[in-house]
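**Student:** Can you keep this structure in mind? I'll have questions shortly.
The values are calculated or read from the model by the stated rules, or taken from the named source; none is laboratory data. Since the structure is predicted, the reported quantities are computational estimates derived from the model, not experimental observations. Don't worry about glycine lacking a Cβ; one is built from the backbone with ideal geometry, like all the others, and counts go over all protein chains shown.
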Amino acid sequence: MIKKFSLLLAGALVCLSSGANAAETWRAWNIHNDGHPNTAALDKFAELTKEGTKGEVTLEVFHGGVLGSQPDALEQVRLGAIEVGNFNLGPIGPMVKEANLVSLPFIFKSVPHMFRVLDGEAGDIISKAMADADLKPLAWFDAGARSFYTQKAINTPADVEGLKIRVMNNDLYTSMISAMGGNPSPMAFSEVQQALKTGVVDGAENNFPSYKNVGHYEVTKNYSLSEHLIIPECICVNTKKFEALSPELQEAVTEAAKEAALFQRELWEVQSAEARKDVEAAGIKVNEIADKGPFQEAMVKVYDDYLAANPDMKKLVETAQATE
Ligand code: BDP
């Protein structure tokens, strides 16, 4: 009897350590609420993962940032306390140097250009560096372009002078605002609306869906189309958790992520146009900037300082710039 029991126990241990049949439940972090394209895309990712892995991997998605701020959630995924998240590459830059490429203002000519860079050599280098840092990207989401919103319209870099502008956590963004004479204020996304309302900051910058979805448009009157940052987002997973899956399950989860990303990109196109219309209907003035040249010129110092401090990033920057 004892022998039989120990054999059974040994068998169970082998099974557990190989991970063979152990069904997994992964926690997924999302900062956005209902009505944002990424929320729908993450629900889709969960559905496709369950289907593709035949229930071997189940995702429990936590929307609305309830598992913490983005920098905290990134640390949690790196530690494996949360398995997966939809992250913006902006706050990843301070953790993974290569990912900072995308946070250089005006590095991409357009969203399609950004995807071409990510699909090429530069994208491979960024993906590998992120995976080495336990943030393996499985697919890329569209996050449009970020523009400034403030009480008065912004047409030139001089209009930013003296304004306190909220930015995401990344020194490149503080340099970007300082280069225009503004006062950068790094702050968690969840605090921005209150900060705008109480005048702690004079403005912020984001894409239309985020501007609308969390009510920032209720407390700022002008959205000026500077489009200074085009930052991709990822479905990123803790590398060790991912690699502990069988090759078949890895493939199924990757497929689910890629399909969810295609779904997200379609949704993004429709819903960001809708978000723009909605805020305009609510009285927001969307201000076209006739000439973005002066903004780009103001960023020369940001590039110079950045490359002087990070000479090893020069090649990656050149690769992105040379991508058609
Ligand atoms: C949104 C991103 C989100 C960021 C947020 C921000 O989707 O990941 O946290 O901007 O500005 O567009 O913090």
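**Student:** With the structure loaded, tell me whether I125 is away from the ligand (no atom under 15 Å from the Cβ) and in a loop (DSSP other than H, G, I, E, B) or whether it fails that test.
**Tutor:** Spelling it out, it is not the case that I125 is away from the ligand (no atom under 15 Å from the Cβ) and in a loop (DSSP other than H, G, I, E, B).
**Student:** Further question: Would you point out the residue of the range 138-159, among those that are part of a helix (DSSP H, G or I) and of a type outside the set (D, E, K, R), that is surrounded by the most Cβ atoms within 10 Å (Cβ to Cβ)?
**Tutor:** P157
**Student:** Give the range 160-173 a look and list any residue that's within 16 Å of S103 (Cβ to Cβ) and either away from the ligand (no atom under 14 Å from the Cβ) or buried (at least 21 other Cβ atoms within 10 Å of the Cβ) (or both), or say none.
**Tutor:** Of the residues in the range 160-173, the ones within 16 Å of S103 (Cβ to Cβ) are 165-173.
Within the range 160-173, I165, R166, V167, M168, N170, D171, L172, Y173 meet the criteria.
**Student:** Of the residues P209, P137, P184, only one is modelled with pLDDT of 95 or more and closer than 23 Å to G293 by Cα; which?
**Tutor:** From the options P209, P137, P184, the qualifying one is P184.
**Student:** Ok, one more. Among the residues of the range 268-291, count how many are surrounded by fewer than 17 Cβ atoms within 10 Å (Cβ to Cβ) and either touching a Ser or Thr at 6+ places or on another chain (Cβ under 7 Å) or of a type in the set (A, V, I, L, M) (or both).
**Tutor:** 6
**Student:** Let me ask another. Which members of the range 246-281 meet the condition of being farther than 29 Å from E51 by Cα and hydrophobic (A, V, I, L, M, F, W, C)?
**Tutor:** A273, A275, V279, A281
**Student:** Scan the range 192-211 for residues that are in a helix (DSSP H, G or I) and either of a type in the set (A, V, I, L, M, F, W, C) or more than 10 Å from the ligand (Cβ to nearest atom) (or both) and jot them down.
**Tutor:** Once the filter is applied, which keeps residues that are in a helix (DSSP H, G or I) and either of a type in the set (A, V, I, L, M, F, W, C) or more than 10 Å from the ligand (Cβ to nearest atom) (or both), the range 192-211 yields V192, Q193, Q194, A195, L196, K197, T198, F208.
**Student:** Sort out which residues of the range 102-122 are in a helix (DSSP H, G or I) and free of Cβ contacts under 8 Å to residues at least 40 places away in the same chain, and write them in order of number. Talk me through it step by step, then tell me what you get.
**Tutor:** First, pick out the residues of the range 102-122 that are in a helix (DSSP H, G or I): 102-103, 111-119, 121-122.
Selection gives P112, D119.
**Student:** What are the residues in the range 78-96 that are out of contact with any Ser or Thr (no Cβ under 8 Å at 6 or more places or on another chain), within 16 Å of the ligand (Cβ to nearest atom), touching a residue at least 40 places away in the same chain (Cβ under 8 Å) and not polar (S, T, N, Q), if any?
**Tutor:** Passing the criteria: I82, V84, G85, F87, P91, I92, P94, M95.
**Student:** Can you find even one residue in the range 276-288 that is within 30 Å of M130 (Cα to Cα), among the β-branched types (V, I, T), modelled with pLDDT of 95 or more and assigned by TED's automatic domain parsing to the domain that holds N222?
**Tutor:** Let us first name the residues in the range 276-288 that are within 30 Å of M130 (Cα to Cα), namely none.
No: zero hits.
**Student:** What are the residues in the range 176-191 that are touching a residue at least 40 places away in the same chain (Cβ under 8 Å) and more than 9 Å from the ligand (Cβ to nearest atom), if any?
**Tutor:** M176, A179, M180
**Student:** Now for a different question. Return yes when A99 is among the aliphatic types (A, V, I, L, M), free of Cβ contacts under 8 Å to residues at least 40 places away in the same chain and in a helix (DSSP H, G or I) and no when it is not.
**Tutor:** Yes: the conditions hold for A99.
**Student:** Let me confirm something: among E233, E248, which residue is of a type in the set (D, E), out of contact with any His (no Cβ under 6 Å at 6 or more places or on another chain) and surrounded by 18 or more Cβ atoms within 10 Å (Cβ to Cβ)? Before the answer, list the steps.
**Tutor:** On the way: E248 fails: surrounded by 18 or more Cβ atoms within 10 Å (Cβ to Cβ).
Checking each option against the conditions leaves just E233.
**Student:** Could you list, in sequence order, the residues of the range 212-244 that are touching a Gly at 6+ places or on another chain (Cβ under 7 Å) and either within 12 Å of the ligand (Cβ to nearest atom) or not β-branched (V, I, T) (or both)?
**Tutor:** N213, I231, C236, N238, K240, K241, A244
**Student:** Report the residue count in the range 44-72 for those that are within 16 Å of the ligand (Cβ to nearest atom) and either of a type in the set (D, E) or in contact with a helix residue (DSSP H, G or I) (Cβ under 9 Å, 6 or more places away or on another chain) (or both). Write out each step before concluding.
**Tutor:** Just the residues of the range 44-72 that are within 16 Å of the ligand (Cβ to nearest atom), to begin with: 45, 61-72.
Next cut, either of a type in the set (D, E) or in contact with a helix residue (DSSP H, G or I) (Cβ under 9 Å, 6 or more places away or on another chain) (or both) only: 45, 61, 63-65, 67-72.
The qualifying residues number 11.
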